[in-house]
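**Student:** Sharing a structure, written as structure tokens. Questions coming.
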Amino acid sequence: MALRKILVLNGPNLNLLGTRQPEIYGRDTLDDIAARLTAQGEALGLAVECRQTNHEGVLVDWLHQAKREGVHAVLLNAGAYTHTSIALLDAILATELKVIEVHLSDPETREPFRHLSYVGMAAVACVKGLGAKSYEVALERAAAL
Ligand code: DQA
């Protein structure tokens, strides 16, 4: 039987993890996180694919593609687009994908402009504030969906 596929989508500036404000986001790079998720996915019987883009429309395109390909669930750290993107909210609603919102930090304990999450209006769950571990906890949640 084909493995269930989990897509891990990362938005703007997350390519800089490792050196980007490590006091907030930690020292792990996105490659470190992707390697751990791939291994964790194998143990859970999931095929994990990780991607990153700095472009909002590319995230929208990837959600559409995920729907066409029948992915089981999406882990989405949309970075700052979390707080601004009605287009991402609409894409999640239109595709009816099971999206788990992920954040390394806890945006709700930070500046007020980070408290609103458009992604959260359509996500089935949110894992935040655990640093890189947020992704691993989110993958466990995705396996149970
Ligand atoms: C983030 C939180 C967002 O507010 C911020 O814009 C990011 C990263 C996080 O993972 O903690 O780029 O999504």
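Only the coordinates and a few stated rules stand behind these numbers; no lab work does. In this text, all values refer to a predicted model and were calculated from it rather than measured experimentally. When we count neighbours, we look across all protein chains shown, and the Cβ atoms used for this are built from the backbone with ideal geometry, even at glycine.
**Student:** Could you list, in sequence order, the residues of segment 42-89 that are among the acidic types (Asp, Glu) and without any contact (Cβ under 8 Å) to a residue 12 or more places away in the chain?
**Tutor:** Result: Glu42, Asp61.
**Student:** Next question. Give just the number: which of (1) surrounded by 18 or more Cβ atoms within 10 Å (Cβ to Cβ); (2) of a type outside the set (Lys, Arg); (3) in contact with a Gly (Cβ under 8 Å, 6 or more places away or on another chain) does Asp32 not satisfy?
**Tutor:** Result: Asp32 passes all but (1).
**Student:** Can you tell me how many residues within segment 90-121 are away from the ligand (no atom under 15 Å from the Cβ) and either in a strand (DSSP E or B) or surrounded by 14 or more Cβ atoms within 10 Å (Cβ to Cβ) (or both)?
**Tutor:** Step one: list which residues in segment 90-121 are away from the ligand (no atom under 15 Å from the Cβ), which gives 90-98, 121.
From what's left, either in a strand (DSSP E or B) or surrounded by 14 or more Cβ atoms within 10 Å (Cβ to Cβ) (or both): 90-92, 95, 97-98.
Qualifying residue count for the region: 6.
**Student:** Something else now. Just to be sure I understand, how many residues within segment 49-87 are loosely packed, with under 15 Cβ neighbours inside 10 Å, closer than 18 Å to Asn15 by Cβ and away from the ligand (no atom under 16 Å from the Cβ)?
**Tutor:** 2
**Student:** Taking Ala142 as meeting all but one of (1) buried (at least 18 other Cβ atoms within 10 Å of the Cβ); (2) farther than 23 Å from Arg27 by Cβ; (3) without any contact (Cβ under 8 Å) to a residue 40 or more places away in the chain, write down the number of the exception.
**Tutor:** (3)
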